[in-house]
1. Are any residues in region 248-272 over 26 Å from the mean Cα position of the chain (by Cα), surrounded by fewer than 18 Cβ atoms within 10 Å (Cβ to Cβ) and closer than 22 Å to Val13 by Cα, and if so, which ones?
2. What is the number of the single condition among (1) at pLDDT below 90; (2) crowded, with 18+ Cβ neighbours inside 10 Å that Glu118 does not meet?
3. For residues that are of a type in the set (D, E, K, R) and more than 28 Å from Leu273 (Cα to Cα), scanning just region 22-62, find the one that is surrounded by the most Cβ atoms within 10 Å (Cβ to Cβ).
4. Taking the conditions exactly as written (farther than 13 Å from Leu5 by Cβ and at pLDDT 90 or above), does Gln171 satisfy them or not?
5. In the set Leu177, Leu241, which member is under 23 Å from the mean Cα position of the chain (by Cα), modelled with pLDDT under 95, exposed (fewer than 12 other Cβ atoms within 10 Å of the Cβ) and under 27 Å from Ala41 (Cβ atoms)?
6. For Arg215, indicate whether it is in a helix (DSSP H, G or I) and surrounded by 15 or more Cβ atoms within 10 Å (Cβ to Cβ).
7. Starting from region 252-263, keep only residues that are outside any helix (DSSP H, G or I), then list their pairs with residues that are among the aromatic types (Phe, Trp, Tyr) whose Cβ atoms are within a distance under 6 Å, requiring at least 6 positions of separation or different chains.
8. Taking Leu207, is it over 18 Å from the mean Cα position of the chain (by Cα) and either on the phi > 0 side of the Ramachandran plot or free of Cβ contacts under 8 Å to residues at least 40 places away in the same chain (or both)?
Amino acid sequence: MIRALGGSNWPAVLTTAEDQAAFVSEVSAYLRFRALAFREADVEARMNLAAKTALEQIGGSVHSNTRDAFETAQTDFPLGNAQASRSSSNTPARVPNPAGPQLAQATLELDRFRRLAEPAARQARRLAAETYWAEVADCRLPEDFFVSAHPGSVLARLPQRLPIWWGRFVQALHDVLQRTNPSYSRVMEQLPQLRKDAASPGQRFVLSALVENWRQENAERLGLFEEIHFPMLERRSLQKLAAVAAWFDARVPGFKSEPSIRERARWQLYERLGCVAPDDFHHGRN
């Protein structure tokens, strides 16, 4: 965000230090949502669909019939088990459950089919993920990137109020994002726990191996298909973190550490631009 704004300058309506800090925070939060949470959920949905399609292509109606039989037996089983009659001593007497054998057989059939089809489903998931993240890498900031912004918010209002400046800003942001991968931040989030795991008694793997195992386990969901040189990534990330903290402190001391200061700056920004404050303002969240 800061690097992008360096290439597009500030519009006249965002000249105060408080407005600039609040705007950077606002857009950064949205970027985190769209470039991380949204895409991770999106690729997961696409992988699930690809796996389902692969299963249907392999088994045709076999998979759906087997699955339906399993779900039906699973539903009927607890109902049959719950049927019981009580004797005069109030002791429950079990009634034989005809769904039991059906459930067992349906489970075996479903497991057998899944074992046979799982390699193809995994391959389909992997291909869907690789295709998705390749498309994202080609255009990390598509035209509809800000379409999910809260109606009437700063991010929805500024493109209408300052279309020329907004266009320059989005292009600068696009250029910056094309040179990085936001998913690397997920590695930094996980690194403290991985360090703790590496130092735990009896741990057989060193930190680098744990990082690589974690990357492989999350490669498809995060688009991290290549090995990570995490010491360099950590060093660069800490440098960026220090630069960002210095940028905020130079404009609004305490903005990053004091919620009240941050909230006040956001309110001022929304009031100045005549925008609608998001719901989280009313609940004191930031």
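The values are calculated or read from the model by the stated rules, or taken from the named source; none is laboratory data. Bear in mind that the values here come from a model prediction, so they are computed numbers and not experimental data. Note that we place each Cβ from the backbone using ideal geometry, even for glycine, and neighbour counts take in every protein chain shown.
1. Asp249, Ala250, Arg251, Pro253, Ile261, Arg264, Trp267, Gln268, Glu271, Arg272
2. (2)
3. If we filter region 22-62 for residues that are of a type in the set (D, E, K, R), which is where we start, we get 26, 32, 34, 39-40, 42, 44, 46, 52, 56.
The next check asks that each one be more than 28 Å from Leu273 (Cα to Cα); those that pass are 39-40, 42, 44, 46, 52, 56.
On the way: Arg39: 20, Glu40: 16, Asp42: 13, Glu44: 16, Arg46: 15, Lys52: 15, Glu56: 14.
It comes out as Arg39.
4. On the way: farther than 13 Å from Leu5 by Cβ: no; at pLDDT 90 or above: yes.
No.
5. Details: Leu177 fails: exposed (fewer than 12 other Cβ atoms within 10 Å of the Cβ).
None of the other options fit; the residue is Leu241.
6. Numbers: in a helix (DSSP H, G or I): yes; surrounded by 15 or more Cβ atoms within 10 Å (Cβ to Cβ): yes.
So Arg215 fits the description; yes.
7. Phe255/Phe248; Lys256/Phe248
8. Values: over 18 Å from the mean Cα position of the chain (by Cα): yes; either on the phi > 0 side of the Ramachandran plot or free of Cβ contacts under 8 Å to residues at least 40 places away in the same chain (or both): yes.
When the stated conditions are applied, Leu207 passes them.
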